[in-house]
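Structure record follows, encoded as structure tokens.
The values are calculated or read from the model by the stated rules, or taken from the named source; none is laboratory data. Please read these numbers as outputs of a predicted model, since none were measured by experiment. Cβ atoms come from the backbone with ideal geometry, glycine included; neighbour counts cover every protein chain shown. Side chains are part of the model used for accessible areas, which takes the heavy atoms of the whole protein and leaves out ligands, DNA and RNA. Shrake-Rupley method; radii C 1.70, N 1.55, O 1.52, S 1.80 Å.
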Amino acid sequence: MKFETPAGINPIDQLRVIGKPTDRIEGPLKTTGTAKYAYEHNDEVSNPAYGYVVGAAIAKGRIKTIDQTKAKVAPGVLAIVTAASVGALQQGKFYVDRLLAGPEIDHYHQAVAVVVAETFEQARAAASLLKISYTKTKGVYDLAAAKDSAPISRQGQSGPLRQTNVGDFDGAFASAPVKLDETYTTPDQTHAMMEPHATIAHWDGDMLTCWCCIQQLNWGARDVATILGIPQENIRLIATFIGGGFGGKGTALSDIIAASLAAQAAGRPVKLALPRPLMMNNTIHRPATIQRIRIGATPDGTITAIGHESWSGNLPGGGVESATASTRLLYAGANRFTQLRLAVLDLAEGSAMRAPGEATGMMALEIAMDELAEKLNIDPVALRIKNDTQEDPEKPGRKFSSRKLVECLQTGAGQFGWNKRQAKPGTVREGQWLIGMGVASAIRGAPIMKSAARVRLNREGIVTVETDMTDIGTGSYTIIEQTAAEMMGVTMDKVVVKLGDSSFPTSPGSAGQWGAASATSGVYAACVKLRDAVANSLGVRVEEAEFVGGQVRGGNRSYPLGDAAKATELVAQDEMTYGTLSREYAQDAFGAHFVEVGVNSYTGEIRVRRMLAVCHAGRILNPKAARSQIIGAMTMGVGAALMEELVVDKQVGFFVNHDLAGYEVPVHADIPHQEVVLLEDLDPTMSPMKAKGIGELGIVGVAAAVANAVYNATGIRVREYPITLDKLIDKLSINA
Amino acid sequence: MKTFTYERASIPAEATAAAARTPGAKFLAGGTNLLDLMKLEIEAPQHIIDIGKIGLNKIESTPAGGLHIGALVTNTDLAAHPIVRRDYGLLARALLAGASGQLRNKATTAGNLLQRTRCPYFYDTNQLCNKRVPGSGCAAIAGFSRQLGIIGTSTSCIATYPGDMAVAMRALDATVETVKANGAKRTLSLDQLYRLPGQTPHLETTLEKNELITSIVLPPPVGGVHIYHKVRDRSSYAFALVSVGAILKKDGTGRVAVGGIAPRPWRIESAEPLLPSGAKAFTAQLLKGARPTKENEFKLALVERTLTAVLNEAKH
Ligand SMILES: Cc1cc2nc3c(=O)[nH]c(=O)nc-3n(C[C@H](O)[C@H](O)[C@H](O)COP(=O)(O)OP(=O)(O)OC[C@H]3O[C@@H](n4cnc5c(N)ncnc54)[C@H](O)[C@@H]3O)c2cc1C
Ligand code: SF4
């Protein structure tokens, strides 16, 4: 089915199942520990061996020798895989990092060997017996030092525009009556998802099956095929459940390659998980940025010039962090300039993490707006409303398909009690605590991707959905079940959803916050076909057929749905593809974040007291799942604001705090009170579902709202994330 | 993890005898620190002596009016004990500020005292660390040192003792009772137990290999306000940047030990007469000779400010 014109009324609009705050259908499996994650498919694989990945001990250089003498004869050892033993590997399409290093080492903890043994403990013990000697070479690890020589990033195939110019930014900025010109920094961050990267690899002749935790299975199969040099048809990836990803498991990383090579070498299935302390330097992360923002405005708050430059670093050939993306769309202003520069750094690969580019860029832009509001003596909510635009500011005439940023800000301000905020910072005190409020806008692109699904109907009236979509803890199972139930006129208990198997029809997987909107649309398309097949089978005219309450009605008759499959199971498969609507309209999701913090005037400790997000993202398929996405993202935003930082040791060349003791993320005690308001919104330009993604929207702007609240509380402006107490205390006057 | 042998002792004498007999042996109490370090191959004992079943898990009043705490009393039980809650509030608060509920259920009093540093370079066996590999060097001094020590450190090592309970114990003048394989018993103050690193940061305590901590003894309770103020980057489940354990009287006198800044809980008794004149004077004396790095010099101000908060709180 091709979606080319805005959707009209369709069966989804009945809202019998869609739009209900249904519990997640796999919840009981998870709470009882019976949902199987990659490492846990013990029934499917008998007699697995265990693999242990050895990471490079240096940041840059060469392996001189790997002495395997002791490791080889260690108890239980079955095989040792190194680049020398398997030969050169190709590179996948998405990541540039070489997943098995040697002889060159490109970054710390890059995999240099895989030891396979009968037990995990034996593999780990033998791994430490490998004697690897290296020649170190000098690397570049300091973004600030590399910044000035960093070129404008190369233009990738699908990557962000490296530079944009509208009007005359320089002239307009120079002549603007009110100017802001500040530089902000964001640190490297790690996804810190619960489930580590893990794979069980099993070869049957030339056929490779991997139980893995890849978010986009079609990318995974494509890249495993390329990297290992085998046909994609020979690969089956299974990821029934994924224990969090946040973009950190997009496609093939070292676990799946190491496990596959190890299984080949050992002639046995191999189980392998990356140890937590290896994950941060071995896999991918959100890269650090340095961002300069310049905004010129007239005294009434009208933005006349807006410029945003961002510097980030990556391995040679790696992508740029597109931190300027939101600035291109969020506020009006006739004269605009953005630029992305990319330095080569010898740290682990920088790549996607929840709202890549947008979350990072908005950490800076939305502080800048707060600073501008203060300069103008205009309320920060009012300034944002003043500069709202209903069309793409770079392409006048190109409308937003739906944009309710103003409503988000107004609703939020009302509900949060924004009018109690004191414009003068540092003036609200409660005992030892300084209290402040902050606001930020949120915007996140709402891409939609082609997505296929197969639906089956049996004589019992059970509808089974199959697609390779993954559920990374987001609720994919549930919303897909709701979609099929709505389409086929049955209750959810009559639908079975099977996901996470690359042998199923191809979806775009969980990424880019496109998963929900895209995968459900694919299911919609397949269900439309199944409805036709049902009508035909029952001899009901398709246009007349009504699917309600497990019955099919038409021509004054009513049949149990299962009757259509009496003779034989009905199977329908289709793919939803898209025309040009996404070019005609700017399709984005919007929101506003409000945060209140307390700052201890003695110690500088910052504690979030309450948070509110008001969002709109098209039709909300399941308000409960959507809310969970938003509050999770808000929590992650608090982490970004107050504690998350992969600390670069610029001498050794690595992320030092590479475990969950050193890399702090918020705990329950950090998140006392969160509220989410989802504004009514239908976006018929998106798909028949009229839905947009929401999983990433929730993090965008949060950190800046926290930063602005800290400023409002203390009068201290911190432009280097994370905002930790050491950046406050020498400027903080004790409030005795 | 290296292969090791394992035995379970049933009485303290069995444990110490085994330790004397077997080279490279280690006692295993709750295991929440030792097992983690073994998995990372930072510690590689050849023999494990499980002391979980040797008794020593009672809390009893002493004839002198103090409290006798068995080495294997769990952190949870100790924090919840009615006498601790009533008379040694500082200790209960410090315990509850540490780790998490699950960990405190396993962690023991002696194990907690002997927990090792959280210096990130100590935890990464590829990095230079004098504490892990004597004489290899110290990557932390010129590296990421924000969490590390500012006083009592050396040119070999700037790691801190990371725990909370011991800070309270230090302020309470707790003593540690031990026994060796030959039956000899000792009583040590915490300053006698913990060594400063000097050029031998791998030697952290004065305990001998076969010496077992049997109990910790608290003197009779000290009246006053008991406060434990732990400052960290998130609200819970993190080690202290700085923590202040204090017992303060209404007249401003009292005692203070500080955590998160030194290789042992930091208390300078001779500075305590300065407490009534305020945090500034006292802290200047307490931190005399401090040698922070650029990354952790904020701890100087943080100690003073946290103490100011504590002194204020005690007044109200
Ligand atoms: C995630 C995490 C967070 C934590 N957060 C905190 C925190 O915020 N604050 C804090 O204070 N602590 C914290 N801890 C540390 C925790 O308090 C210690 O791990 C625990 O107290 C150690 O006690 P244990 O009985 O498990 O010791 P074990 O691991 O069994 O032993 C530790 C050491 O003591 C030796 N030992 C044990 N008993 C004796 C004895 N009777 N005689 C002689 N030697 C002995 C062992 O040989 C070993 O060397 C944290 C730990 C973890 C894992
Ligand atoms: S500070 Fe001490 S523990 Fe840390 S690396 Fe240096 S020697 Fe090792």
- Taking region B:132-151 only, how many residues are open to solvent by 30 Å² or more (accessible area, probe 1.4 Å) and within 16 Å of ligand 1 (Cβ to nearest atom)? 2
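Any idea which of A:P356, A:P393 is in a loop (DSSP other than H, G, I, E, B) and closer than 30 Å to A:Q110 by Cα?
Checking each option against the conditions leaves just A:P356.
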- Test: B:T160 is touching a residue at least 12 places away in the same chain (Cβ under 8 Å), closer than 25 Å to B:A18 by Cβ and open to solvent by less than 30 Å² (accessible area, probe 1.4 Å): no
- If the Cβ limit is 7 Å and pairs must be 6+ apart or interchain, which residue in region B:250-276 that is touching a residue at least 12 places away in the same chain (Cβ under 8 Å) pairs with which residue that is assigned to a helix (DSSP H, G or I) and polar (S, T, N, Q)? B:I268/B:Q285; B:A271/B:Q285
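A quick yes/no check of all residues on (1) in contact (Cβ under 8 Å) with a residue 12 or more places away in the chain; (2) of a type in the set (G, A, S); (3) assigned by TED's automatic domain parsing to the domain that holds A:M686; (4) more than 30 Å from A:A126 (Cα to Cα):
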site: A:N10; (1), (2), (3), (4): yes, no, no, yes
site: A:I25; (1), (2), (3), (4): yes, no, no, yes
site: A:L78; (1), (2), (3), (4): yes, no, no, no
site: A:A83; (1), (2), (3), (4): yes, yes, no, no
site: A:G87; (1), (2), (3), (4): no, yes, no, no
site: A:F94; (1), (2), (3), (4): yes, no, no, yes
site: A:D106; (1), (2), (3), (4): yes, no, no, no
site: A:Q110; (1), (2), (3), (4): yes, no, no, no
- Of the residues in region B:121-131, those that are more than 6 Å from ligand 2 (Cβ to nearest atom) and either away from chain A (no Cβ under 12 Å) or open to solvent by 30 Å² or more (accessible area, probe 1.4 Å) (or both) number 4
- B:G70 being within 12 Å of ligand 1 (Cβ to nearest atom) and touching a residue at least 12 places away in the same chain (Cβ under 8 Å): yes
- Message: Given the condition open to solvent by 10 Å² or more (accessible area, probe 1.4 Å) and over 22 Å from the mean Cα position of the chain (by Cα), answer yes or no: does some residue in region A:610-617 qualify?
- Response: yes
- Query: In region A:167-209, what count of residues is obtained for those that are in a strand (DSSP E or B) and either of a type outside the set (A, V, I, L, M, F, W, C) or closer than 22 Å to A:T360 by Cβ (or both)?
  - Reply: 14
- Note on the structure: How many residues of region B:190-227 are open to solvent by 40 Å² or more (accessible area, probe 1.4 Å), in contact (Cβ under 8 Å) with a residue 60 or more places away in the chain and away from ligand 2 (no atom under 16 Å from the Cβ)? The answer is 7
- Single condition B:S154 does not satisfy, out of (1) open to solvent by 40 Å² or more (accessible area, probe 1.4 Å); (2) within 16 Å of ligand 2 (Cβ to nearest atom): (1)
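Yes or no, residue by residue, for (1) among the hydrophobic types (A, V, I, L, M, F, W, C); (2) open to solvent by 30 Å² or more (accessible area, probe 1.4 Å); (3) within 14 Å of chain B (Cβ to nearest Cβ):
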{"site": "A:A669", "(1), (2), (3)": "yes, yes, yes"}
{"site": "A:D681", "(1), (2), (3)": "no, no, no"}
{"site": "A:K690", "(1), (2), (3)": "no, no, no"}
{"site": "A:L697", "(1), (2), (3)": "yes, no, no"}
{"site": "A:A703", "(1), (2), (3)": "yes, no, no"}
{"site": "A:G715", "(1), (2), (3)": "no, yes, no"}
{"site": "A:R719", "(1), (2), (3)": "no, yes, no"}
{"site": "A:L725", "(1), (2), (3)": "yes, no, yes"}
{"site": "A:L732", "(1), (2), (3)": "yes, no, yes"}
- Which pairs have Cβ atoms under 9 Å, sit 6 or more apart or on different chains, and link a residue in region B:138-152 that is in a loop (DSSP other than H, G, I, E, B) and among the aromatic types (F, W, Y) to one that is within 10 Å of ligand 2 (Cβ to nearest atom) and open to solvent by less than 10 Å² (accessible area, probe 1.4 Å)? B:F144/B:Y121
- Pairs under 7 Å by beta carbon, first residue on the phi > 0 side of the Ramachandran plot in region A:502-518, partner in a helix (DSSP H, G or I), six or more apart or different chains? A:G509/A:L217; A:G509/A:N218; A:G509/A:W219; A:G509/A:G515; A:Q513/A:L697
- For the subset of region A:633-666 comprising residues that are open to solvent by 30 Å² or more (accessible area, probe 1.4 Å) and more than 20 Å from A:H107 (Cβ to Cβ), which member is farthest from ligand 2 (Cβ to nearest atom)? A:T635
- Item | Pairs with Cβ under 8 Å, 6+ apart, first in region B:10-36 and open to solvent by less than 60 Å² (accessible area, probe 1.4 Å), second within 16 Å of ligand 2 (Cβ to nearest atom) | B:N33/B:L114; B:N33/B:Q115; B:N33/B:R116; B:L34/B:E43
- Query: Considering A:A617, A:A641, which residue is within 13 Å of chain B (Cβ to nearest Cβ) and modelled with pLDDT of 95 or more?
  - Reply: A:A641
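So which of B:T5, B:T32 is within 14 Å of chain A (Cβ to nearest Cβ) and β-branched (V, I, T)?
Numbers: B:T5 fails: within 14 Å of chain A (Cβ to nearest Cβ).
Testing whether each residue is within 14 Å of chain A (Cβ to nearest Cβ) and β-branched (V, I, T) leaves just B:T32.
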- Task: Would you be able to say whether some residue in region B:110-120 is more than 23 Å from B:L190 (Cα to Cα), open to solvent by less than 30 Å² (accessible area, probe 1.4 Å) and within 15 Å of ligand 2 (Cβ to nearest atom)?
- Result: yes
- All but one of (1) among the β-branched types (V, I, T); (2) out of contact with any helix residue (DSSP H, G or I) (no Cβ under 6 Å at 6 or more places or on another chain); (3) surrounded by 22 or more Cβ atoms within 10 Å (Cβ to Cβ) hold for A:V73, so report the exception by its number. (3)
- Query: For region A:561-572, does any single residue satisfy the condition of being in contact (Cβ under 8 Å) with a residue 40 or more places away in the chain, open to solvent by 20 Å² or more (accessible area, probe 1.4 Å) and polar (S, T, N, Q)?
  - Reply: no
